[in-house]
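Some notes on the structure that comes next.
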Amino acid sequence: MSRSFLSPGTMEAAIGGDADAILTLLKTSQPDIRRYARRTCRTTSDVEDAVQETLWIVYRRIGRLQRAGAFSLWLFQIVHRTCLRLAKQHIGVPDDVSSLENDLQLSKRPESELRIDIAAAIQSLPSHYRQVLMLRDVDEMTISEIAQSLQLTRETVKARLHRGRALVREYMVR
C-alpha cells in the first residue's frame, strides 16, 4: 500500500476529518485503488467507475474507520464490492429470485397492455427520475452525455437511473 508515504499523523488527521489530510490520503491511495480495481473489475470502464466510486466512498466515510491500520483492508473491500456490483449490472444478475417471477408475469401480458402500463409507470415517476430515464432509455444518451446536459455528476445520473428503473419495475409488478 502506498500509504507508507503517508505519515501516521496524516492518517489519523484524515480519520479525524481534516480536509487537507483527506485530500492527501485520496491522492496517495488512488494508485492502489486503481491497481486493486484492475485485478478485480471486468472491464476498463468498470475500473474507472470503481476508482471514482471508491474515492467518493473513502472521502465520505473515512471518519468511520476505527483503526488506521485497517485502512488497506477496508479500501480493498470497497473496491471489491464495487467491482462485483458493476459486474452484476453487466450480466444482468437479478437482485433476487422474485424478480425472475415478475419477469415471467410481465412476459405473458399482451404487448399493447404492456406499452400502456410502461407509459403509466414512467409518467408516475418524479420528474428528476423520469427525465434521466427518458434520456437514457428512449433517447439512448450515454451517462456522460446525460450528466453534461443536465449539469449533474455521473454518479447522480447513475443513481437516478437505477432508482427510476426500480420504481418502474415496482409499478409494473403491482
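Going through (1) within 19 Å of the chain's Cα centre (by Cα); (2) among the small types (Gly, Ala, Ser); (3) surrounded by fewer than 19 Cβ atoms within 10 Å (Cβ to Cβ) one by one, residue 50 falls short only on (3).
Between 114, 86, which is touching a Lys or Arg at 6+ places or on another chain (Cβ under 9 Å), open to solvent by less than 60 Å² (accessible area, probe 1.4 Å) and at pLDDT below 90? Before the answer, list the steps.
Numbers: 114 fails: touching a Lys or Arg at 6+ places or on another chain (Cβ under 9 Å).
Result of the check over 114, 86: 86.
Can you confirm whether segment 6-25 contains a residue that is farther than 22 Å from residue 89 by Cα, modelled with pLDDT under 85, part of a helix (DSSP H, G or I) and not polar (S, T, N, Q)? Within segment 6-25, one or more residues are farther than 22 Å from residue 89 by Cα, modelled with pLDDT under 85, part of a helix (DSSP H, G or I) and not polar (S, T, N, Q). Restricting segment 141-170 to residues that are under 16 Å from residue 126 (Cβ atoms) and touching a residue at least 40 places away in the same chain (Cβ under 8 Å) leaves a set whose member that is least open to solvent (accessible area, probe 1.4 Å) is 168. Return the residues of segment 117-134 that are crowded, with 16+ Cβ neighbours inside 10 Å and not acidic (Asp, Glu); say none if nothing qualifies. Of everything in segment 117-134, those that are crowded, with 16+ Cβ neighbours inside 10 Å and not acidic (Asp, Glu) turn out to be 121, 122, 125, 129, 130, 131, 132, 133.
Within 15 Å of the chain's Cα centre (by Cα), open to solvent by 40 Å² or more (accessible area, probe 1.4 Å) and either farther than 23 Å from residue 138 by Cα or at pLDDT 80 or above (or both): is that true of residue 34 in this structure? No. The single condition from (1) open to solvent by 50 Å² or more (accessible area, probe 1.4 Å); (2) β-branched (Val, Ile, Thr); (3) at pLDDT 90 or above that residue 58 fails is (1). In segment 16-44, the residues that are closer than 16 Å to residue 71 by Cα form no Cβ pair under 6 Å with any partner that is open to solvent by less than 80 Å² (accessible area, probe 1.4 Å) and basic (Lys, Arg), whether six or more places apart or across chains.
The values are calculated or read from the model by the stated rules, or taken from the named source; none is laboratory data. As the structure is a computational prediction, the values presented were derived from the model and not from experiment. Note: ideal-geometry Cβ built from the backbone for every residue, glycine included; neighbour counts use all protein chains shown. Keep in mind that these areas ignore ligands, DNA and RNA; they rest on the heavy atoms of the full protein, side chains included. Shrake-Rupley method; radii C 1.70, N 1.55, O 1.52, S 1.80 Å.
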